């Protein structure tokens with residue numbers, strides 16, 4: 001994925017080449033799927049098929065949770081940022097700084113940008129979609145410890161949980177009654193990203 005790419009959209013029905021085919025056994029118990037979604041995933045040959053089945057059954061939150069873990073880390077964090085921007089085009093500080101920091105990590109994934117993102121999430125109090133996008137960026141690295149110290153690897157499901165939290169918070173922002181419509185847009189964005197696009201969403205109409 002190139003976060004700086006123009007907002008070209010893949011053709012409808014394009015293969016979701018960036019979705020994981022399956023999820024590791026250590027991740028599956030942490031998805032938080034409903035019983036219906038667990039059955040749908042178990043009955044599907046791969047993640048893309050499971051996503052289609054979840055959408056057909058109207059299990060949108062389950063689809064979001066699945067996507068948060070199945071997308072590669074950079075793509076997942078970028079997706080969280082796109083969802084946040086959709087429901088708040090001009091977030092107030094410190095959320096605006098969080099969004100910038102998370103997107104900077106996507107463009108330049110390094111310990112420096114990752115730890116900077118986490119610092120912004122702490123400043124924002126982990127209270128917004130933007131802050132959780134930053135947390136997801138931090139948890140996408142290979143260590144929770146400060147730079148230069150002995151590495152403490154994060155559990156493999158934590159980044160996905162942070163992405164799911166960011167997307168869920170964006171879907172509920174100010175108008176929870178709009179959540180279902182927003183989730184449709186968010187899932188469409190994730191599909192574009194999984195097919196190699198940018199997944200950009202227009203700011204939500206007032």
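The values are calculated or read from the model by the stated rules, or taken from the named source; none is laboratory data. No experiment lies behind these values; they were computed from the predicted model shown. Quick reminder, even Gly has a Cβ in these numbers, built from the backbone with ideal geometry, and neighbours come from all protein chains shown.
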Among the residues that make up region 144-156, is at least one of them within 15 Å of the chain's Cα centre (by Cα) and either buried (at least 16 other Cβ atoms within 10 Å of the Cβ) or within 12 Å of residue 78 (Cα to Cα) (or both)? no
Just to verify a result, which residue in region 48-60, among those that are in contact with a helix residue (DSSP H, G or I) (Cβ under 7 Å, 6 or more places away or on another chain) and more than 12 Å from residue 194 (Cβ to Cβ), is surrounded by the most Cβ atoms within 10 Å (Cβ to Cβ)? 54
Checking the structure you have, find out if any residue of region 107-116 is in contact (Cβ under 8 Å) with a residue 60 or more places away in the chain and more than 19 Å from residue 152 (Cα to Cα). yes
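Considering only region 102-121, I want to know if a residue exists there that is modelled with pLDDT under 95 and either buried (at least 22 other Cβ atoms within 10 Å of the Cβ) or over 15 Å from the mean Cα position of the chain (by Cα) (or both).
no
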Taking region 25-47 only, how many residues are assigned to a helix (DSSP H, G or I), touching a helix residue (DSSP H, G or I) at 6+ places or on another chain (Cβ under 7 Å) and free of Cβ contacts under 8 Å to residues at least 60 places away in the same chain? 4
Examine region 119-138 for a residue that is farther than 16 Å from residue 76 by Cβ and in contact (Cβ under 8 Å) with a residue 40 or more places away in the chain, and state whether such a residue exists. yes
Conditions (1) out of contact with any helix residue (DSSP H, G or I) (no Cβ under 9 Å at 6 or more places or on another chain); (2) under 25 Å from residue 205 (Cα atoms); (3) free of Cβ contacts under 8 Å to residues at least 40 places away in the same chain -> residue 149 fails only (2)
Would you be able to say whether some residue in region 160-183 is more than 18 Å from the chain's Cα centre (by Cα), at pLDDT 95 or above and more than 20 Å from residue 87 (Cα to Cα)? no
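For residues in region 32-47 being crowded, with 18+ Cβ neighbours inside 10 Å and at pLDDT below 95, which is nearest to the chain's Cα centre (by Cα)?
41
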Checked region 50-86 for anything part of a loop (DSSP other than H, G, I, E, B) and without any contact (Cβ under 8 Å) to a residue 40 or more places away in the chain; matches are 57, 58, 59
Looking at region 87-94, can you tell me whether even one residue there is touching a residue at least 24 places away in the same chain (Cβ under 8 Å), farther than 22 Å from residue 157 by Cα and surrounded by 22 or more Cβ atoms within 10 Å (Cβ to Cβ)? yes
Among the candidates 160, 199, single out the residue that is surrounded by 18 or more Cβ atoms within 10 Å (Cβ to Cβ), within 20 Å of residue 127 (Cα to Cα), touching a helix residue (DSSP H, G or I) at 6+ places or on another chain (Cβ under 6 Å) and in contact (Cβ under 8 Å) with a residue 24 or more places away in the chain. 160
